[in-house]
1. Distance check, please: which entries in LYS84/LYS270; LYS190/LYS270; LYS185/LYS214; LYS84/LYS267 exceed 18 angstrom between their Cα atoms?
2. Which aspartates and glutamates does LYS153 reach when only Cα atoms under 19 Å apart count, and residues fewer than 8 places away in its own chain are ignored?
3. Please enumerate, by chain and number, the aspartates and glutamates with C-alpha under 18 Å from the C-alpha of LYS174, excluding those fewer than 8 residues away in the same chain.
4. With a 10 Å radius around each residue's Cβ, average the other Cβ atoms per peptide and rank 200-209, 149-158, highest first.
5. Based on the mean of other Cβ atoms within 10 Å per residue, sort peptides 108-118, 224-234, 171-181 so the most packed one is first.
6. Report the full-extension gain for the segment LYS216 to SER97: residue separation times 0.36 nm, less the Cα-Cα distance, to one decimal in nm.
7. In what sequence, highest mean first, do 121-127, 255-261 appear when ranked by Cβ atoms within 10 angstrom?
8. Please state, rounded to one decimal and in Å, the Kirkwood hydrodynamic radius that the stretch 118-174 gives when every pair of distinct Cα atoms enters the mean of 1/r.
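What follows draws every value from the coordinates through simple rules; no lab data is involved. Nothing here was measured: the structure is a model prediction, and the numbers come from that model. Cβ: placed from backbone, ideal geometry, glycine included. Neighbour counts: every protein chain shown.
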Amino acid sequence: MTNRGFDFKRCARTALATLVLGMPLYSLSSSSDINSQSSMLEQTASAATSKTQKKQTVKQKPTQKYHTQTKPAQTQPAIQKQRKLIAIDPGHGMSNSQSNVYDPGAVRDGVEEATINLRVAAYLGQDLINRGYDVVLTRLDDETPCPITKRNKFSDADLFVSLHCNSSKSEETKATGVRVFYSPKRQSDKTFAANIEDALSQTLTEGVQGYSEKNKAVYEGNFLVLNTSRVPAALVEMGYMNNSFDRAYLQEAEKLIARGIANGLDKQLKTK
Ligand SMILES: [Zn+2]
């Protein structure tokens, strides 16, 4: 494990440590503590569920409690990485682009994109741990500051995936389904993006009645989070917030979405 980009990683692991057992993420995901981490991820998903059900509210600034609790984890010894590590970025959240300002992403009918992203990320993390991978998340809640410039600094990860939901300016759009992006500056990531697109669209076609994806392309996306990644990176737009069909499966089929993405990550790591 290197220390490059360590500050934020430590922050993310500390969030896990603070929320769960007071231990860094690696030790949770690479040992007999898998069940503990799974239950934590389940709690994260559940917490996000309750948020989904309420209207948008004004977010509070991060509490002092969070900052003071970062200290114990800093004294934890580094644990050597033994398994493939996948970095998951639930898009948006606190201080995403502006300090101390909560960024909900797209919002429709009181449903916040940031909440869906977090919820799918929790299920995805759990699914990947069950498959034998180590996982790190860029954020676990809506309070921990998580600036966009720090999100992809996992230099020792094997893959980085950023989760988002699409939207357009219109109230309701006919555009539907998954879009997966890779950086035009990282052409080698196109196959990675295609693996996620294939797996996720297949899983949704099989599991969501009425889902059909006519355009199974992957797209170049000039996104900071992709362009500056040090490892293979893809950004998944899991559906359209302003398409009512998509918004329904985004809220009701999170585990299925997570499984589809996990299938794509699995394929990428097993075939490269
Ligand atoms: Zn987004």
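1. LYS185/LYS214
2. Within reach: ASP7, ASP89, ASP134, ASP141, ASP189.
3. Within the straight-line limit of under 18 Å, LYS174 reaches these aspartates and glutamates: ASP109, GLU213, GLU237, ASP246.
4. Going by the mean number of other Cβ atoms within 10 Å, highest first, we get 149-158, 200-209.
5. Order by mean packing, descending: 108-118, 224-234, 171-181.
6. 39.8 nm
7. Listed from highest to lowest mean packing, they are 121-127, 255-261.
8. About 13.6 Å for the stretch 118-174.
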